1. DSSP loop chymotrypsin sites (Phe, Trp or Tyr not before Pro) in the stretch B:102-211 with at most 10 other Cβ atoms within 10 Å of their Cβ, which ones?
2. Scaled to the compact-protein estimate 2.2 N^0.38 Å, what is the alpha-carbon radius of gyration of the protein assembly as shown, rounded to two decimal places?
3. For peptide B:34-44, what's the mean number of Cβ atoms from other chains within 10 Å of each residue's Cβ?
4. Modelling each spin label as a point 7 Å along the Cα-to-Cβ direction, I'd like the residue B:283/residue A:192 distance in nm, to one decimal.
5. Suppose R0 equals 30 Å; then what is the FRET efficiency for residue A:242 and residue A:278 from their Cβ-Cβ distance, rounded to the nearest 0.05?
6. Distance in nm between label sites at residue B:212 and residue B:124, each 7 Å beyond Cα in the beta-carbon direction?
7. If we restrict to alpha carbons, what Rg and Dmax does chain A come to, in Å?
8. List residues of the stretch A:133-159, by number, whose backbone nitrogen lies under 19 Å from a label position 7 Å along Cα→C-beta of residue A:22.
Amino acid sequence: MRRAAPWTIGAAAALGLPLVVHDPFFLHLCILVLMWTLLGSAWNVLGGFAGQVSFGHASLFGMGAYTTIMLYLQAGIAPWWGIPIGGVVAAATALPIGLIAFRLRGPYFSLSTLAMAEIVRLVALNWEEVTNGPVGFLITDLPPVRILGTAVNWEAKEPFYLAITLLTLLGLVATYGLKHSRLGAYLVAIRENEDAAEAVGIDTVRAKVLTLALSGFLAGLGGGFYAFYFRYVDPDAVFPIALSMEMVFIAMVGGLGTVGGPLVGAVFLTAIGETVRARFQVGHLVFYGLFMMLAIRYMPEGIWGRLHRLVAGRWQGRGVAAGGPRGAA
Amino acid sequence: METLVQSLVSGVLTGALYAMIGVGLTVVFGVMRIINLAHGEMVMLGMFGAFWGQALWGLDPFVSVVVWVPVLFVGGALVYRFLLRKIIPGGELNTLLYTAGLSLLVANLALLLWTGDYRTINLRYAMSPMRPFGIAVPIPLAIAFGLALLITGALYLFLARTDTGRAVRATSQNAEAAVLMGIDVQRIAMLTFGLGTALAGAAGVLLAPSLYLYPTVGEILIVKCFVIVVLGGLGSIPGAIAGGILLGLVESLGAVYVSMALKDGIGFVIFLLVLLYRPSGLFGVGKA
């Protein structure tokens, strides 16, 4: 448990941040970074650990977002219940997608997830009786809540910051738990050689479906939080291909199959992306593409994986520790 | 009856252009096993080439093909030589992700340079459609169709009749055997990537007067493109041509007889069914 200490301190510091920092723009940036960390982790569980590269995670994110906002607007269920329900709905959506896509491997798996995400987007766009079509949904007021006798101010960033911090911590803990579980070991075996994994008796379909459900749940939580924070959901906002790609890129640039990778990737890419957005309004993904290419070419283990290797190498007094991405935390 | 003929005609016209884009993707896959996610952005670059050619130099979009095809050929060859070549040994998933990065980079650079505005190209000679036998045929699409046939036909002859073309096909069938036969596979790969890019760009130039152009249009095109090449069997050129025409027909018939809104969805459903049940394509020639 040598590693538990820095993580606990980090979590405490993250939760305490709004006591020190009050700048709304900075908190907004932190909220985005944490949301993308959660989404990157959601993708990473399936793509990084199990090696199943999905290009369709926007569909799961969008299911969470639509569930949360529709439960609130049409049934009066508050978002803090709607977000976990959104996660469950997204996990449930992931299952039929998995049953189809897991029959394919490698790039064909990726292309099939892309096609299914597009089908989901088209349904959301055209099934106007249920989804409001391209108009989408808008939350005008969040329900009044009192915590410890004070009313929560929904115009401030702090409540959203605390909510996403808790959700993201949940995502990171889930990833950590997965990594050190039997299932995590199965997934690495599947990633490295699926036929061999099957040959030694791993139920690969079961392992992949369970992981997809976890991945979908986390992506759905992220989508639910998106609806809660931005208070607006339409098909182009929550189902675009670019959103699926952003999740992939954050996990890849940060470090595939690592717990901290999506956090590092989100800090790095979101900070750059938001700077570009603030300056030029459009094209904020330009550096995502660039760093993706650089990472694949020069740093396939990602930023976190590389840092971890350097640090581990120093501790052991050797140049390079074993394993690269596999050895990283 | 007239509606049927009308949608058949427009389906085939659009389908020929889809086929051209699909052939570019499938040739590249055949030779170097790259599923090029940036293929749609190459079409986009062709479209903007046609737009700026007309806006800046008064060049007719259809004439500008002779400018942009060589430019994109060289551009594609350079992308292969300096960017992609080092990635290929990492496997198909790595190149897929790498070209995803390239696609996002190019699309967002275009957004920064040209903003996300929708643009159109107006041709003075093409305001009203031709009406042979009472069927409306938009003139820009008809010209594009003719040129697409010409270019795809020329490519076909090149691959079928010339030594270099045979070397491309040989590499596509078995790269190791091709090396043993004395083919410089690296050179062939570079040439093929240039060809694929040039084909995508040419299709973009030809499509530009018929579509709205904006920097992220590639995103839609690339997904259509996957449908086409998977329908025909990945790596198969005749398959991609058939797949392109088929998708054009499915979309135009679907728009009329199913629903305008769901026509894109039909393509995806067929795509999934083919991937699952006929992974080597409808004609059983692909390598999926």
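1. On the way: sites: B:114, B:118, B:125, B:133, B:145, B:156, B:158, B:193; in loops: B:118.
Answer by residue number: B:118.
2. Numbers: Rg = 25.1 Å, N = 617, 2.2 N^0.38 = 25.3 Å.
Ratio of Cα Rg to 2.2 N^0.38 Å: 0.99.
3. Values: counts 1, 5, 0, 6, 1, 0, 0, 1, 0, 0, 0.
Whole-number average of other-chain Cβ neighbours for B:34-44 is 1.
4. Roughly 4.3 nm, to one decimal.
5. Working: r = 18 Å, r/R0 = 0.61.
Taking R0 as 30 Å, the efficiency between residue A:242 and residue A:278 is 0.95.
6. A separation of 2.8 nm, rounded to one decimal place.
7. 19.6, 65
8. The answer is A:150-159.
Values quoted throughout were computed directly from the atomic coordinates according to the rules given, and no laboratory measurement underlies them. The structure presented is a predicted model; accordingly, all values stated were derived computationally and were not measured. Cβ sites come from the backbone with ideal geometry, for glycine too, and all protein chains shown count toward neighbours.
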